[in-house]
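What follows is a short report on a single structure.
The values are calculated or read from the model by the stated rules, or taken from the named source; none is laboratory data. This one's a predicted model, so the numbers in the text were calculated from it and none came from an experiment. So basically every Cβ, Gly included, is an ideal-geometry build from the backbone, and we count neighbours across all protein chains shown. SASA here: full protein model, heavy atoms, side chains in, ligands and nucleic acids out. Shrake-Rupley method; radii C 1.70, N 1.55, O 1.52, S 1.80 Å.
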Amino acid sequence: MRKARKRLPASGSQASVRRHEEQLPWKKQKLLDIHQALNCDPVDIETLRRAAASEGGLLTDDIRRKVWPKLLSVNVYSLPAKPSKDVREDHKDYRQVVLDVRRSMRRFPKGMRVDEREVLQEQLIDIILDVLRRNPQLHYYQGYHDLVVTFLLVLGERMTIAMMEKLSNHHLRDFMDPTMDNTKHILNYLMPILERVDRELHDFMIRSEVGTIFALSWLITWYGYVLSDFRHVLRLYDFFLASHPLMAIYFAAVIVLYRQKEVKSTECDMASVHHLLSQMPQDLPYEDLIGRAQKLFISCPPSLMTQSAALQSHNIIAISTFTDFQSSTLKQRPDSVLRQQLQKRHERPPALPMSTQQANTNQLIKMAVWGLSATLGAAALAVAQTAMDWAPEFLSQIF
């Protein structure tokens, strides 16, 4: 009996902890899960993906700055340099990029000062051209800038270059071919998905001959072009970054399914149905639709959809490379380790031959003093760049 009584406080304490965790508001629990996942070694990517896709997404831009790079396996301590001054010289896409960026004023926060927006627009031009110059296999398309500006507003210039380079070679790769063949083929997934879920809606749309062009801007901009509330855009970007590259077309399907009563009640002709569907409602139940898209992807996976005649015999790069891409994200070190590695690289002086050391003792002393100063400067810079670290931010949000 004594032994039993000795065990009671321990089990009672554990039960108390469990009750406390159960009572913890879900947002604070999610912050804790993300914090722990980021600090695992290797980083717990699966937990981060679940956090990005589940209710509320990644919650804040501070968290996105930490998690988005991990979802794409971007090392935040080894970013590309800022674009050089000659990035715009003789670039074949320069004029089109400038025209698109100049027309993108509505994508910037309301109330932003004109001079601040103009600086960001210049950065946007340089980022796009830099990614294209570094990756000649990629081809610019109108709408690409709508994706880039979203990352720029959250991450800043250098991080956006790194993110867009990864995205452009994986999730967005088929949109950046010389032709639109692969893009059209991805749009062709829409009708077979609708057919599996709502045959009546599918048949109505086939009779109307509306096609799938109404969803083109949704797909190639990840809905950034058609949504006016930046919060909704960020929520979808959390979701798409954590998901299969075709998830954007599944999300298009759930939007059409959500509006099926409106569609079926309109005139069954191309002009009427296209006009209705091309007008994106701004009050959609995004969390509900994200949940539906996930379930739809599981019940109607791309492998099942390709049995449709319209989807056979076509190689989609984003699909064929996705497994390898996912594997490449699983062995990342936490930022604290990467930061230490960066500091050690700065602190380690280059080795010199013994003869050189003996012949130039005085010179080496001077170099050592200079090297120490440079090291301190580099370390201070590294610390400054990561001043918004997890611990103070996390504690402030919980308490």
May I ask you to evaluate 6.51 cos²θ - 1.76 cosθ + 1.60, the Karplus curve with θ = phi - 60°, for each residue of segment 257-271 and list the ³J(HN,Hα) values in order in whole Hz, giving x for glycine and proline?
-> 5, 4, 9, 4, 5, 4, 4, 5, 8, 8, 4, 7, 9, 4, 4
Sequence order, segment 199-213: Karplus ³J(HN,Hα) from phi using 6.51 cos²θ - 1.76 cosθ + 1.60, θ = phi - 60°, Hz rounded, Gly and Pro as x, gives 4, 5, 4, 4, 5, 4, 5, 5, 5, 6, 6, 6, x, 10, 5
Partners for K344 among lysines (Cα-Cα distance below 25 Å; same-chain residues under 8 apart left out) | K66, K70, K82, K331, K366
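For a quick check of your reading of the filter: which trypsin sites (Lys or Arg not before Pro) in segment 201-246 sit in a DSSP loop and have no more than 13 other Cβ atoms within 10 Å?
On the way: sites: R207, R231, R235; in loops: none.
In loop regions of segment 201-246 (DSSP not H, G, I, E or B), there are no sparsely surrounded trypsin sites (Lys or Arg not before Pro).
Grab the Cα-Cα distance for R158 and L338, subtract it from 0.36 nm times how many residues apart they are, and report the gain in nm with one decimal.
Separation in residues times 0.36 nm, less the Cα-Cα distance, equals 63.1 nm.
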Would you list the P(r) distribution for segment 179-251, with all Cα-Cα distances sorted into 10 Å bins from 0 and each bin expressed as a whole %?
-> 18, 45, 32, 5
Rounded to whole Å and ordered largest first, report the semi-axes of the equivalent ellipsoid of segment 99-150 derived from its Cα gyration tensor (root of 5λ).
-> 22, 11, 8
Leaving ligands, DNA and RNA out of it, work out the accessible area of H91 with a 1.4 Å probe and give it in Å² to the nearest 10.
-> 30 Å²
Could you list the trypsin sites (Lys or Arg not before Pro) in segment 42-146 that lie in coil according to DSSP, counting only those with at most 15 other Cβ atoms within 10 Å of their Cβ?
-> K92, R103, K110, R113
Would you tally the net charge around Q142, using a Cβ to Cβ cut-off of less than 14 Å, leaving Q142 out, and scoring K and R as +1, D and E as -1?
-> +1
Neighbourhood charge, 10 Å Cβ-Cβ cut-off, centred on L276 and excluding it, Lys, Arg +1 and Asp, Glu -1 | -1
How big is segment 19-120 by the Kirkwood estimate over distinct Cα pairs, in Å?
-> 17.3 Å
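Which length gain, in nm to one decimal place, applies between K261 and M280 when the Cα-Cα distance is subtracted from 0.36 nm times their residue separation? Show your work: numbers first, answer last.
Working: separation 19, 0.36 × 19 = 6.84 nm, distance 1.51 nm.
Using 0.36 nm per residue and subtracting the Cα-Cα distance, I get 5.3 nm.
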With a ≥ b ≥ c from the Cα gyration tensor eigenvalues, square-rooted, and the rule rounded for a/c under 1.5, otherwise prolate when a/b > b/c and oblate otherwise, segment 61-118 is oblate
Calculate the translational D of segment 307-346 in whole µm² s⁻¹ from Stokes-Einstein, where the hydrodynamic radius comes from the Kirkwood formula applied to all Cα pairs, the temperature is 4 °C and the viscosity 1.567 mPa s.
-> 96 µm²/s
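Work out how much length V119 to S78 would gain on full extension: take 0.36 nm times their residue separation and subtract the Cα-Cα distance, in nm to one decimal.
Working: separation 41, 0.36 × 41 = 14.76 nm, distance 2.41 nm.
Taking 0.36 nm per residue and subtracting the Cα distance, the gain is 12.4 nm.
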Leaving ligands, DNA and RNA out of it, work out the accessible area of S328 with a 1.4 Å probe and give it in Å² to the nearest 10.
-> 60 Å²
DSSP loop (so not H, G, I, E, B), at most 15 other Cβ within 10 Å: list which GluC sites (Glu not before Pro) in segment 194-303 pass both filters.
-> E209, E267
Simple Cβ-charge dipole of segment 225-304, Lys/Arg +1 and Asp/Glu -1, about Cα centre, in debye nearest 20 | 200 debye
Can you give the direction-averaged projected area of the convex hull of the alpha-carbon atoms in segment 248-291, in nm²?
-> 3.2 nm²
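Accessible area per residue, 1.4 Å probe, Å², for segment 123-194: what's the number? All intermediate terms of the calculation are to be shown ahead of the outcome.
Numbers: 1970 Å² over 72 residues.
The answer is 27 Å² per residue.
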